[in-house]
Ligand SMILES: NC(=O)c1ccc[n+]([C@@H]2O[C@H](COP(=O)([O-])OP(=O)(O)OC[C@H]3O[C@@H](n4cnc5c(N)ncnc54)[C@H](OP(=O)(O)O)[C@@H]3O)[C@@H](O)[C@H]2O)c1
């Protein structure tokens, strides 16, 4: 089968297309023909091994798994003897730690995988799991509840576009912050208020929120803490400059009444099933910026690394 492979960490050009053996499913696995996958910020981080500590998971000297790619949508080609939830021909979507940038992948039945939402294309379904799973993890860690107010900074990215829709669905009052060119899109995702950061600094308008979610790792607790209500939480997706965010997390546990939290993605089948339900109820949609054929994976990585994508970037496999 055709697959993207890499044998060393580095810039996008370490990636190439190669013919490799098609995987064979174990008893508890499905073989999926991939129709669409994505390139996201995690794919770029794993490829470049930044931060360095990612190597403790992916291999210290070189990548343990040669085929990158996490999000996937496709058709079940074969099933192992113990598989009961899926059958050959089913359309599925989900996420796996590696191996999705290929024509086929084997994935456990118990993995974060579900039947593709009815009426959704493979491209759209592939673009659902990553951003939405991180947004859900951040809401849990911030204990976001119905009726609370949340400000989402960086509302136009993969995590941001997911967060706006998921916070609205939770019954929160959502203020989204983005660039002028994204105001219309972000409003269409359901934000109650949209602040254009090129025209207004939300930290200076006197409004306060229960939760401030920095969905793009570009804001800070220091700059936004006065916009938090007493007892409010600032939740971050990144470790921050010189990894100061974990330190703030510890300090704010003991000092002051405002907390700093970090969201860490945990992909679960429960979340994927929840997202499927939301999509089928018309309450969630994937935002796609660009589509690239698998062969143009280097270009796709270069674009994602600009930090300027709107929502998600899809790789079409077939
Ligand atoms: N904790 C975890 O487990 C985990 C896992 C994966 C990713 N992450 C982190 O999650 C964050 C979000 O990832 P993502 O894929 O959603 O990002 P993304 O899609 O690459 O975000 C790009 C969007 O952010 C906007 N943006 C860029 N700079 C901005 C700024 N200074 N202020 C406001 N908006 C800005 C861009 O629009 P404009 O520039 O036009 O405004 C663009 O639409 C990243 O920091 C990533 O490292 C964390």
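Each value in this text was obtained by applying a stated rule to the coordinates, not by laboratory testing. Note that the structure is a prediction, hence the values are computed from the model and not measured. Cβ placement follows ideal geometry from the backbone for every residue including glycine, while neighbour counts extend to all protein chains displayed.
To the nearest 0.05, what FRET efficiency results for residue 203 and residue 251 with a Förster distance of 22 Å applied to their C-beta separation? The pair residue 203/residue 251 has a calculated efficiency of 0.65. Segment 133-165 and segment 1-22 have Cα centres spaced 34 Å apart. Measure nothing but the geometry: give the 0 to 90° angle between the long axis through the Cα atoms of 129-142 and the longest principal axis through the Cα atoms of the chain, rounded to 10°. For 129-142 against the chain, the angle is about 40 degrees.
When each of the peptides 263-270, 49-56, 108-115 is scored by the mean number of other C-beta atoms lying within 10 Å of its residues, the order from highest to lowest reads 108-115, 263-270, 49-56.
Model label sites at residue 277 and residue 196, defined 7 Å from Cα along the beta-carbon direction, differ in position by 3.9 nm. Applying 1/(1 + (r/R0)^6) with r as the Cβ-Cβ distance of residue 85 and residue 56 and R0 = 51 angstrom yields a FRET efficiency of 0.95. Normalised by the number of residues in the chain, the mean separation of alpha-carbon contacts (under 8 Å, six or more apart) gives a relative contact order of 20 percent. When shorter helices are ignored and each DSSP H run of at least 4 residues is given -39500 (n - 2.57), the per-residue value for the chain at 222 nm works out to -7500 deg cm²/dmol.
Do you know the relative contact order of segment 1-44, to the nearest whole percent, from alpha carbon pairs under 8 angstrom that are 6+ apart? Could you put the intermediate results ahead of the total?
Working: 29 pairs, mean separation 13.6, N = 44.
The value is 31 percent.
Does anyone have the angle between helix 269-280 and the longest principal axis of the chain? Alpha-carbon axes, 0 to 90°, nearest 10? Approximately 80 degrees, to the nearest 10.
When each of the peptides 163-175, 279-291 is scored by the mean number of other C-beta atoms lying within 10 Å of its residues, the order from highest to lowest reads 163-175, 279-291.
Relative to the first principal axis of the alpha-carbon coordinates of the chain, what is the inclination of helix 244-254, with its axis defined by its Cα atoms, in degrees from 0 to 90 and to the nearest 10? It works out to around 50 degrees.
The gain in end-to-end length when the residue 143 to residue 238 segment is fully stretched comes to 32.4 nm, 0.36 nm per residue minus the alpha carbon separation.
Give the relative contact order (percent, whole number) for segment 59-200; include only Cα pairs under 8 Å separated by 6+ residues. All intermediate terms of the calculation are to be shown ahead of the outcome.
On the way: 235 pairs, mean separation 23.2, N = 142.
Averaging sequence separation for qualifying contacts and normalising by length gives 16 percent for segment 59-200.
Once the chain from residue 110 to residue 2 is taken as fully extended at 0.36 nm per residue, the excess over their C-alpha distance is 36.3 nm. Legend: calculated FRET efficiency, residue 188 to residue 308, from the Cβ-Cβ distance at R0 = 22 Å, rounded to 0.05, equals 0.65.
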